[in-house]
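Here is the structure we will look at.
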Amino acid sequence: AQKITQTQPGMFVQEKEAVTLDCTYDTSDPSYGLFWYKQPSSGEMIFLIYQGSYDQQNATEGRYSLNFQKARKSANLVISASQLGDSAMYFCAMRERTNAGKSTFGDGTTLTVKP
Amino acid sequence: EAQVTQNPRYLITVTGKKLTVTCSQNMNHEYMSWYRQDPGLGLRQIYYSMNVEVTDKGDVPEGYKVSRKEKRNFPLILESPSPNQTSLYFCASSLYGSNQPQHFGDGTRLSIL
């Protein structure tokens, strides 16, 4: 069964610094996708970045990058040059190829950016 | 504008009174899903649908029903709501595939007294 673990309930970072949010996963499917979503205090869920299990390079989207270590089954989100607007809850999620209908989310990490 | 629309956004009701939360998407997505979000538990999948007339259970389906009669709509039905179903509910849609990100509605906050 697929499982996502986010071990950091809360994180603090100084404005303009980089921060890494941890995500480990477990699956028996060799083909899968990993996603990060942001949930600001207003409540909506915003897709940030995607990494496929067969992608050779780590995904990047602007200030977001994904540190994908397949052997360790980790997919950490790196936010560079943190901004006050990055304060939010962040969720790691997975979909497997064999059943892309099932989607599993981690418990989330609340990030607070300090001015 | 591409969007997933949920209604109502907020609802306070009483135990046992049937309710329906509607979800509609305008992106022609095959896949739709319902989640509930509770503090410290992330998002847990209730039901999902891979196409019209095709639905399947997620991790927490007890006490919920869904239907997918049209591609754009995926209502969530609580036939006899109980207080433990008080939660924040999200509907999402996407193209079908493990590489497809989901588009979420704005959420429905349900309080069952």
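Values quoted throughout were computed directly from the atomic coordinates according to the rules given, and no laboratory measurement underlies them. All values derive from a computational prediction rather than experimental measurement. Cβ coordinates were reconstructed from backbone atoms using ideal geometry, including for glycine residues, and neighbour counts include every protein chain displayed.
Calculate one ³J(HN,Hα) per residue across segment B:92-98 by plugging θ = phi - 60° into the Karplus curve 6.51 cos²θ - 1.76 cosθ + 1.60, and present them in order as whole Hz with x for glycine and proline.
Each residue of segment B:92-98 in turn: 9, 9, 6, 5, 7, x, 6 Hz.
From other protein chains only, count the Cβ atoms within 10 Å of every residue's Cβ in B:102-111, then give the mean.
3
Explain nothing, just the number: relative contact order of segment A:1-64, from Cα pairs under 8 Å at least 6 residues apart, as a whole percent.
25 percent
Using alpha carbon centroids, what distance separates segment A:21-90 and segment B:28-76, in Å?
Spelled out, the Cα-based centre of one part sits 23 Å from the other.
Go ahead and set up a Gaussian network model of chain B, Cα springs under 10 Å, then flag whichever of B:65, B:18, B:57 fluctuates most.
Fluctuation is largest for B:18.
Dimensions of the protein assembly as shown along principal axes (Cα, Å, largest first)?
50, 39, 34
Show the residues, 5+ positions off or on another chain, whose built amide H is closer than 5 Å to the amide H of residue A:107.
The list, which skips near neighbours in sequence, is A:6.
Taking springs between alpha-carbon atoms closer than 10 angstrom, which of B:37, B:100, B:25 fluctuates most in the Gaussian network model of chain B?
Judging by the Gaussian network model, the answer is B:100.
Which shape class applies to segment B:1-105: rounded if a/c is under 1.5, otherwise prolate when a/b exceeds b/c and oblate if not, where a ≥ b ≥ c are the square roots of the Cα gyration tensor eigenvalues?
Because a/c hits 1.5 or more and a/b exceeds b/c, segment B:1-105 counts as prolate.
Could you give the radius of gyration (one decimal) and Dmax (whole number) of the Cα atoms in segment A:45-115, in Å?
That works out to 13.3, 44 Å for Rg and Dmax.
For residue B:95 paired with residue A:83, estimate the spin-label separation in nm (one decimal), with each label point 7 Å from Cα along the Cα-to-Cβ line.
Between residue B:95 and residue A:83, the simple spin-label model gives 2.8 nm.
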